[in-house]
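Data block below; observations after.
Bear in mind these aren't lab numbers, they're just calculated from the coordinates by the rules spelled out. In this text, all values refer to a predicted model and were calculated from it rather than measured experimentally. Here Cβ is always computed from backbone atoms with ideal geometry, including for glycine, and neighbour counts include all displayed protein chains.
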Amino acid sequence: MEEALNHTVDPACLQEPPLAVEVIKELDAYGICLYAMLTFMSSLSLLLYLEQCVYVYRKLPYPKKTTIIWINGAAPVIATMSCFGMWIPRAVMFTDMTSNCYFAVVVYKVLVLMIEELGGSKAFLQRYSGEPFKISTGPCCCCCRPCLPLVPMSRRMLFLMKLGTLQYAILKTVLSVLSIILWTNGNFDLSDVQITGAAIWINPFIGVLTITSLWPVAIMFMHTCSRLRSLKMIPKYAMYQIVLILSQLQTSIINILALDGTIACAPPFSSTARASMLSQQLMILEMFLITLFTRFLYRRTYDPLPDDTPEEHDYQDVKHFQQAELVEHDV
């Protein structure tokens, strides 16, 4: 008991994150090598992305090329922002918000990409208009299969799906700007879990917006993945899901461990600052590997889908109908 009372906490564990100069002064030989290697990875990711943008801009038609450029930028942008956050710990609030806002736009662009790969909104509606779509899928309603009916695809349904993902890109940006404004005034603190804190209200609302935006993308992928298999849409969707898990779930888990005290203080880093530093370093390595893999997925041109014209689709429907009539006549 006396040892617990006499135990003193290092003042650095209660201070703000250190300045960039303080981080550099505390680096030993191992730290210098680690920081140099991670900085090289993030720089290489950005250079590969810029070269990929030039390739896509020259080889692919509009508007598909702009969509692919947006999606390809998810991992390099997150890696670059994580590198800034690693060197400048006090800028983590800004770097994380920038990465999250960019990825919010990528969620919408993934939905747009699947539609454009099928020929655009007009061709998509000609192909799928009236076809029942199952909406009992994750992350919202995977457990509500008996309750939710099949919804026929229509122009209104497609508009609602686009709106469901677009709202996240808009509202996420607005709430991020609001969080930064409140943070500069001392009203936004991730460690403040009291009912009067701003973070306890803004973060759960952003979580609801995230789940709502992922739902239309999952519905679209579930009904188009078989047709887009030749365009490698399944690994592309998997990479998008991995970036989502690493940039959102992994960071949240590390922050929770820091608030719980599992991640110890290591002067000049407090527990939260050290957790943020570890998160940035992991993110750089993970996003670098994802950048290399997505480069091979998108660095190619595609032939048209074998059943891309609506006339062939209508011809097959008429053929099946005529065969059914012949069978009924024979009976």
Taking the Cβ of each residue in Ser82, Ser226, Ser154, Ser279 as the centre, tally the other Cβ atoms inside 10 Å and list the residues starting with the fewest.
Ser226, Ser154, Ser279, Ser82
Residue-wise, which Karplus ³J(HN,Hα) couplings in Hz belong to the stretch 206-213, taking 6.51 cos²θ - 1.76 cosθ + 1.60, θ = phi - 60°, and x for glycine or proline?
5, x, 5, 4, 5, 5, 5, 6
Would you mind checking which residues have amide H under 5 Å from Phe133's amide H? H placed 1.01 Å from N; only 5 or more apart, or other chain.
Val151, Met153
Straight distance only, please: which lysines reach the Cα of Lys59 with their own Cα at less than 22 Å, same-chain residues fewer than 8 apart left out?
Lys109, Lys232, Lys236
From the phi angles alone, apply the Karplus equation (6.51, -1.76, 1.60; θ = phi - 60°) to the stretch 174-187 and give each ³J(HN,Hα) in whole Hz, x where the residue is Gly or Pro.
5, 5, 5, 4, 5, 5, 5, 5, 5, 5, 5, 8, x, 9
Express in whole angstrom the spacing between the alpha-carbon centres of the stretch 170-228 and the stretch 229-286.
16
Approximate spin-label separation Arg299-Gln250, in nm, with each point projected 7 Å along Cα-to-Cβ:
2.2
Please report how far the C-alpha centroid of the stretch 12-41 lies from that of the stretch 90-126, rounded to the nearest whole angstrom.
33
I need the shape label for the stretch 15-300. Rule: rounded when a/c is under 1.5, else prolate if a/b > b/c, else oblate, with a, b, c from the alpha carbon gyration tensor.
oblate
Under Karplus coefficients 6.51, -1.76 and 1.60, residue-wise ³J(HN,Hα) of the stretch 276-290 in Hz, glycine/proline x:
5, 5, 4, 5, 5, 5, 4, 5, 4, 5, 5, 5, 5, 5, 5
For the stretch 15-300, what is the charge dipole size about the Cα centre, in debye to the nearest 20, if Lys and Arg each add +1 at the Cβ and Asp and Glu each add -1 at the Cβ?
1820
For a footprinting-style exposure proxy, rank Thr137, Thr262 by other Cβ within 10 Å, fewest first.
Thr262, Thr137
